[in-house]
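Have a look at the structure below before the remarks.
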Amino acid sequence: MKKKERVVTKFRSTIYEKKLLKIRAKKSGLSLSEFCFRAAFNKEITARLTDEEIEVYKMLSTYSRNFTLIGNMYRKQNPKLTSEVYALAKEIREHLNNFKK
């Protein structure tokens, strides 16, 4: 398979616009060149999660699993508590799914 040759393409922008492009590229984890390429061709550009957001995601994952396990423990003794715990675990999972978007 033959490798496609890339060529240099230039465009004009103000200093402010270039700084803004660099900031957005950095947030998405892409080089300025790759960011502009994806933007020009309407390809997906997703912002990377910060270290703090990753920690929160991990913590919520753990909480969701723990609440599910707690619900399983009390299923026979206290069905109302079980349903409340399952509802909380479900709500946490929904928040986790929002992270993926």
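The values are calculated or read from the model by the stated rules, or taken from the named source; none is laboratory data. As the structure is a prediction and not an experimental result, all values here were calculated from the model. Here Cβ is always computed from backbone atoms with ideal geometry, including for glycine, and neighbour counts include all displayed protein chains. When the accessible area is computed, the model is the full protein with side chains, heavy atoms only, and any ligands, DNA or RNA have been set aside. Shrake-Rupley method; radii C 1.70, N 1.55, O 1.52, S 1.80 Å.
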- Scan of segment 51-101 for residues that are more than 22 Å from Lys27 (Cβ to Cβ) and either charged (D, E, K, R) or touching a strand residue (DSSP E or B) at 6+ places or on another chain (Cβ under 8 Å) (or both), ordered by number: Arg65, Arg75, Lys76, Lys80, Glu84, Lys90, Glu91, Arg93, Glu94
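Only one residue in Ala39, Ala87 is surrounded by 11 or more Cβ atoms within 10 Å (Cβ to Cβ), free of Cβ contacts under 8 Å to residues at least 40 places away in the same chain, closer than 21 Å to Lys22 by Cβ and over 14 Å from the mean Cα position of the chain (by Cα), so which one is that? Spell out the reasoning first.
Details: Ala87 fails: closer than 21 Å to Lys22 by Cβ.
Unique residue meeting the criteria: Ala39.
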- Filter segment 35-90 for residues that are within 30 Å of Thr9 (Cα to Cα) and of a type in the set (Lys, Arg); the one that is modelled with the highest pLDDT is Arg38
- Item | Verdict on Arg12 being open to solvent by 90 Å² or more (accessible area, probe 1.4 Å) and outside any loop (DSSP other than H, G, I, E, B) | no
- Residue among Ile45, Ile23, Ile54 that is open to solvent by 80 Å² or more (accessible area, probe 1.4 Å) and among the hydrophobic types (A, V, I, L, M, F, W, C): Ile23
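Give the residue that is surrounded by the most Cβ atoms within 10 Å (Cβ to Cβ), with candidates limited to residues of segment 26-36 that are assigned to a helix (DSSP H, G or I) and of a type outside the set (A, V, I, L, M, F, W, C). Step through it out loud before you land on a result.
As a first pass, look at segment 26-36 and keep what is assigned to a helix (DSSP H, G or I): 26-28, 32-36.
Imposing the further condition that a residue be of a type outside the set (A, V, I, L, M, F, W, C) reduces the set to 26-28, 33-34.
On the way: Lys26: 14, Lys27: 14, Ser28: 17, Ser33: 12, Glu34: 14.
Only one residue fits best here, namely Ser28.
With respect to Thr82, is the statement that it is open to solvent by less than 100 Å² (accessible area, probe 1.4 Å), touching a residue at least 12 places away in the same chain (Cβ under 8 Å) and of a type in the set (Val, Ile, Thr) true? Give the steps one after another, and end with the answer.
Numbers: open to solvent by less than 100 Å² (accessible area, probe 1.4 Å): yes; touching a residue at least 12 places away in the same chain (Cβ under 8 Å): no; of a type in the set (Val, Ile, Thr): yes.
Taking the combined requirement at face value, the residue does not satisfy it.
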- Message: Cβ contacts < 6 Å: first residue in contact (Cβ under 8 Å) with a residue 12 or more places away in the chain, restricted to segment 7-33; second residue assigned to a loop (DSSP other than H, G, I, E, B) and open to solvent by less than 90 Å² (accessible area, probe 1.4 Å), any location; separation 6+ or different chain. Result?
- Response: Lys27/Ala47; Ser28/Ile45; Ser28/Ala47
